[in-house]
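Only one structure is covered here, and it is reproduced in the block below.
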Amino acid sequence: MNAAIRSVVRTALDLDMSVVGFKRGYNGLLMRSKDQNDDFEILTARSVSDKIHRGGTFLMTARCLEFLEPETQRQALKNLRALGIEGLVCIGGDGTYKGAQALNDLGFPTVGVPGTIDNDLAYTDFTIGFDTALNTACECLNRIRETSDSHERASMITVMGRNCGDIALNTALACGAEIVMVPEKPWSLEEVAERVKWGVLRGKRSILIIFAEGALSSLTSDLAAICARYENLKDISVRHVTSSQIAMIIEALSGHETRSTVLGYIQRGGSPSARDRLLAIRLGAYAVELLHRDISGVAVGERGLKPVHVPFEDVQKGTHAVDEGLSQLIDVMAVMTRK
Ligand code: F6P
């Protein structure tokens, strides 16, 4: 996000516009801090120096559920007008876009820039942050593979992505994982266990299982029935099953030692990859150019390396569904096709 903010600021200055940065997302627009300097700041070329290689966002970020309410949106609009702001670049994911769309519908020009590790916006090939998160996940997986290999165990690694399996699928392919579970595709614990057994039979010393954090939503197995069959699984509450419990179930069904690691927020920090920086720079600049040309109510992105902008209402239209080809390639690369 820092690279995107830097790009917005420097493009705007180049077009003779001045820039104000709001802090903590939409919370900043509401200007409720005791010290107003804590809500926004004027951004100069120097404000964004030494930021391009830093993870996170120096403007800070926060969820603002209140911003779904029309009254809150009108208050933000009043504040923006009072400050003499003429347009807003909103960097974030689906939630951010909803707020941006609402402001635009109220007559305030907004443009969205896709900043989320999840890569869950259908209209753009990639979102800013996805590549860095993927690289971080891969680095962690390389380490886990080494211990898994030495101990001849299966390892289940939970990656982020909310309701999108992109981080999981791409991590699996890039790291040679044997099994991947994603929210977009039905899967069963019985089948996962079979695949673990099959991998062991094929002489695999380590088996990597990538579990997308939202994948429980597409589980087809009868969890309660499975847990009732095993003494050590009897206490599992099937409504709140954790990653380590899923690993325990796989172990029980496959008879193969299975450990769980949840990567968590480690995926959301760290110096951005070159690919992410380049995307952030291109998209930040494009968003400002659009505002300058009086085009708003749109989100910017890229399709086949070409810049695109689509109306906010169309951001989930497109074909960003699970790529069958990718799943197949994961199987081929891990020698997990049944031949
Ligand atoms: O949307 C990015 C993301 O990291 C998701 O992958 C994850 O589900 C969620 O945010 C976590 O949200 P929070 O920071 O509120 O815990």
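Worth a mention:
- Inter-residue pairs, beta-carbon under 7 Å, first assigned by TED's automatic domain parsing to the domain that holds residue 186 and in region 222-236, second part of a loop (DSSP other than H, G, I, E, B) and among the hydrophobic types (A, V, I, L, M, F, W, C), 6+ apart: 223/241; 227/236
- Qualifying positions in region 34-56 - of a type in the set (S, T, N, Q) and either over 16 Å from residue 83 (Cα atoms) or modelled with pLDDT of 95 or more (or both): 44, 47, 49
- Set 108, 67: member being part of a loop (DSSP other than H, G, I, E, B) and surrounded by 14 or more Cβ atoms within 10 Å (Cβ to Cβ): 108
- Total residues in region 209-219, condition touching a helix residue (DSSP H, G or I) at 6+ places or on another chain (Cβ under 6 Å) and more than 16 Å from the ligand (Cβ to nearest atom): 0
Okay, residues lined up against (1) buried (at least 21 other Cβ atoms within 10 Å of the Cβ); (2) in a helix (DSSP H, G or I):
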position	(1), (2)
124	yes, no
137	yes, yes
141	yes, yes
145	no, yes
164	yes, no
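- For region 242-253, the condition holds for no residue, the condition being that it is out of contact with any Leu (no Cβ under 6 Å at 6 or more places or on another chain), part of a strand (DSSP E or B) and within 16 Å of the ligand (Cβ to nearest atom).
- Residues in region 86-97 that are within 15 Å of the ligand (Cβ to nearest atom) and touching a residue at least 40 places away in the same chain (Cβ under 8 Å) were compared, and the one that is surrounded by the fewest Cβ atoms within 10 Å (Cβ to Cβ) is 94.
- Meets criteria (aromatic (Phe, Trp, Tyr), in the same structural domain as residue 100 (by TED's automatic domain parsing) and over 19 Å from residue 94 (Cα atoms)) for residue 58: yes
The values are calculated or read from the model by the stated rules, or taken from the named source; none is laboratory data. Every value quoted in this text rests on a predicted model; they were computed, and no experiment measured them. Note that each Cβ is placed from the backbone with ideal geometry, even for glycine, and that neighbours are counted across all protein chains shown.
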